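Working notes, beginning with the structure itself.
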Amino acid sequence: MSTATALIGVDWGSSNLRVFRMAEGGTVLGRRADGRGASTLAPGQFADVLTEVAADWLAEDLPVVVCGMAGARGRWLEAPYAPCPAGLADLASYFVRPIDAPEVRILPGVAVWRDGALDDVMRGEETQLFGLGAEFDRVIAPGTHSKWARLDGGRIVDFRTHMTGEVFAALGASPSFLGGTAGTDDAAFEAGVCAGLEDEPLSRNLFSTRVGMLAGRVAPTGLQDYLSGLLIGAEIAGEAREGLQGLIALLGAPALVERYHSALTLAGLEDVVVADVEAATAAGLWRAWEAMR
């Protein structure tokens, strides 16, 4: 196995930065992380931050491929969205190069257009999806904005976004839901999932959290977990209307992926594989680089 560095891969999310040093073929030789996410930086700061984090690697005069929010509007340099259906060749054809770092190639996001209008977008997740094997029919990427993508032969055919994580954070900070800490009451979480899967109007279902506590069905310390389960259950119910056949990959932070896996099992979906998000990101960056060469 070669140990010579062939590529610097960068995953620049809104809240954090991850840098990979990769050998030919995509083997990860080293990794570094930093808390200066794209949402905290002005356009002129990105090159300096990357240099601070990986100056010794960059000194080797290697190509650098960046995915994620560095290419968002108002960040390092906006990379236009590649339209769905999209494959690696499409991703590679939409990259941009910042003037302050010509060795850097910033990958685009992917967008869905319906009836001539922009309908949905992702930026960063597409690279992770391309790092997975071609055997998956669906990918669920839980997070602040959860993505449900449909794949065909490794190409992104369609996707939809749910603001589940953002809604949970906003509602969880409300005085009505301040009891407990999420992740500590599995029974409350499962009860919330089951309520969410009933596919009632969400505004009505949300109030069941408060009523459940008053009726003694939900312990005050389980409010956060019930709310989490309710929102995830409602997300799954919404997607199930379109059908969820085929092999599903779960891709994201381990604790959140575990919750989604439990909820999918409660929904009767068992053909689910938990993927390694870091490995998928690194593999996607390498494959994007291969498509550019």
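The values are calculated or read from the model by the stated rules, or taken from the named source; none is laboratory data. In this text, all values refer to a predicted model and were calculated from it rather than measured experimentally. Here Cβ is always computed from backbone atoms with ideal geometry, including for glycine, and neighbour counts include all displayed protein chains. Ligands, DNA and RNA are excluded from the accessible area calculation, which covers all protein heavy atoms including side chains. Shrake-Rupley method; radii C 1.70, N 1.55, O 1.52, S 1.80 Å.
See the values below:
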| quantity | calculated |
| --- | --- |
| Check: the chain dipole with +1 on Lys, Arg Cβ and -1 on Asp, Glu Cβ, in debye | 440 debye |
| Scaled radius of gyration (Cα, divided by 2.2 N^0.38 Å) that region 1-42 gives | 1.33 |
| Bins of 5 Å, starting at 0 and running to the largest distance - Cα pair percent for region 200-293 | 2, 11, 17, 17, 15, 13, 10, 6, 3, 2, 1, 1, 0 |
| Estimated translational D of region 204-246 in µm²/s (Stokes, Kirkwood radius over Cα pairs; 4 °C; 1.567 mPa s) | 114 µm²/s |
| Estimated distance in nm for a label pair at ALA253 and VAL273, the labels positioned 7 Å out from Cα along Cα-to-Cβ | 2.5 nm |
| Mean shadow area of region 19-168 over all directions, Cα convex hull, nm² | 9.9 nm² |
| Probe 1.4 Å, all protein chains present, accessible-area order of ASP185, ASP137, ASP115, ASP152, largest first | ASP115, ASP152, ASP137, ASP185 |
| The chain, Rg to Rh (Cα coordinates; Rh as Kirkwood inverse mean 1/r) | 1.01 |
| Surface/4 estimate of mean projected area, convex hull on alpha-carbon atoms of region 98-254, nm² | 12.4 nm² |
| Label point distance in nm, THR265-ASP115, each placed 7 Å from Cα along Cα→Cβ | 4.1 nm |
| Net lengthening on full extension, GLU103/THR221 (0.36 nm per residue, minus Cα-Cα) | 37.3 nm |
| Dipole-positive endmost among LEU29, VAL65, SER39 within region 5-118 (Cβ charges, Cα centre) | SER39 |
| Stokes-Einstein D for region 1-73, Kirkwood Rh over Cα pairs, 37 °C, 0.692 mPa s (µm²/s) | 264 µm²/s |
| Loop GluC sites (Glu not before Pro), region 191-293, which have at most 14 other Cβ atoms in a 10 Å radius of their Cβ (DSSP) | GLU198, GLU242, GLU270 |
| Ellipsoid equivalent to region 121-213 - semi-axes via the Cα gyration tensor, in Å | 31, 14, 13 |
| Over the chain, relative contact order from alpha-carbon pairs under 8 Å, at least 6 apart, % | 17 percent |
| Segment ASP199-THR40, extension gain: residue separation times 0.36 nm, minus the distance between their alpha carbons | 53.5 nm |
| Region 1-106: antiparallel DSSP beta bridges as a percent of all, rounded to 5 | 65 percent |
| Distance from region 139-194 to region 28-76 (C-alpha centre basis), Å | 28 Å |
| Principal-axis tilt of helix 277-292 within the chain, Cα atoms, nearest 10 degrees | 40 degrees |
| For ARG18, solvent-accessible area (1.4 Å; no DNA, RNA or ligand), Å² | 50 Å² |
| Per residue Cα convex hull volume in Å³ - calculated over region 170-255 | 106 Å³ |
